[in-house]
Amino acid sequence: MKRAEILLNNIDPQQHSGAARLKLAGEQDLPLLLELVREFYAIDRHDYDEGRVLAALPALLESEQYGVIWLIGEPVRGYAVVTWSYSIESGGREALLDEIYLRDRGEGIGTAALQAILSDLQERGLSRMFLETERHNAQVRRFYARAGFQLEDSLWMVWSAPGRPHGSDTHHQDCG
C-alpha cells in the first residue's frame, strides 16, 4: 500500500504548526534533502561527500523499489530514509532505518514519526526493521529502545569495492 502522506499521532498541530505529518519525498525535494543530509552528517560526525549522496538519492526519490524517504513536518523539519532488504532469518522482506534526522528534538515529533514509519512497514507486510547507531551515541539508543528496538549480539561488518570509500572512519572499527 503506497501512502504519500501520514498524519502523526500524539502531536498537537496547534503547538507544532504543521509538524504532524510525514510526506513521501519526490525528485523535487532533492535540494532540500541535500541540505538536511549535510546538517545530519555534521551533527553525527559522518564525512559528507555530496557526489556519493547525489548518486544514492535519485533511486529512492524516483520509485519505492529500494525504499522510501519520508519528509517530516510542514515546513520540513527533517527526514527519514527507510530501505528494503530480504532475509531468510527475518522470513522475507525487512527494512533498514538508514537515516533519520530532525532539526528540532525533544518535542515528541521524532517519536511520533518513528511510530508512523513502523505502522507503515506493518501495512507493507514487513515485520522487522534494523538500524545502526554510532558507538558514542547512547542517547539515541535510549530513544530507539523506547520505541521497542533491542540491542542484538550481532556486529556489523563492511566490505567496500576497491577505490570506494567506507564512509566515515568514526563508525567503522577494526574487527581484528
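Brief remarks on what is shown
- The combined condition, being touching a residue at least 40 places away in the same chain (Cβ under 8 Å), aliphatic (A, V, I, L, M) and more than 21 Å from Trp84 (Cβ to Cβ), is not fulfilled by Ala145.
- Residue pairs whose Cβ atoms lie under 8 Å apart, sitting 6 or more positions apart in sequence or on different chains, and linking a residue in the range 70-85 that is more than 15 Å from Glu107 (Cα to Cα) to a partner that is surrounded by fewer than 23 Cβ atoms within 10 Å (Cβ to Cβ) and of a type in the set (Ser, Thr, Tyr), are Tyr79/Tyr101; Ala80/Tyr101; Thr83/Tyr66; Trp84/Tyr66.
- The residues of the range 106-120 that are touching a helix residue (DSSP H, G or I) at 6+ places or on another chain (Cβ under 9 Å) and either surrounded by fewer than 19 Cβ atoms within 10 Å (Cβ to Cβ) or small (Gly, Ala, Ser) (or both), listed by number, are Glu107, Gly108, Gly110, Thr111.
- Selection count, the range 104-135, where residues are of a type outside the set (S, T, N, Q) and without any contact (Cβ under 8 Å) to a residue 24 or more places away in the chain: 2
- Considering (1) farther than 17 Å from Ala4 by Cα; (2) at pLDDT 95 or above, the lone condition that Gln28 does not fulfil carries the number (1).
- Given (1) modelled with pLDDT of 95 or more; (2) of a type in the set (Ser, Thr, Tyr); (3) farther than 15 Å from Thr83 by Cα, number of the condition Tyr66 does not satisfy: (3)
The values are calculated or read from the model by the stated rules, or taken from the named source; none is laboratory data. In this text the structure is predicted, and so the values were computed from the model without any measurement. Glycine also receives a Cβ, built like all others from the backbone with ideal geometry; neighbour counts cover every protein chain displayed.
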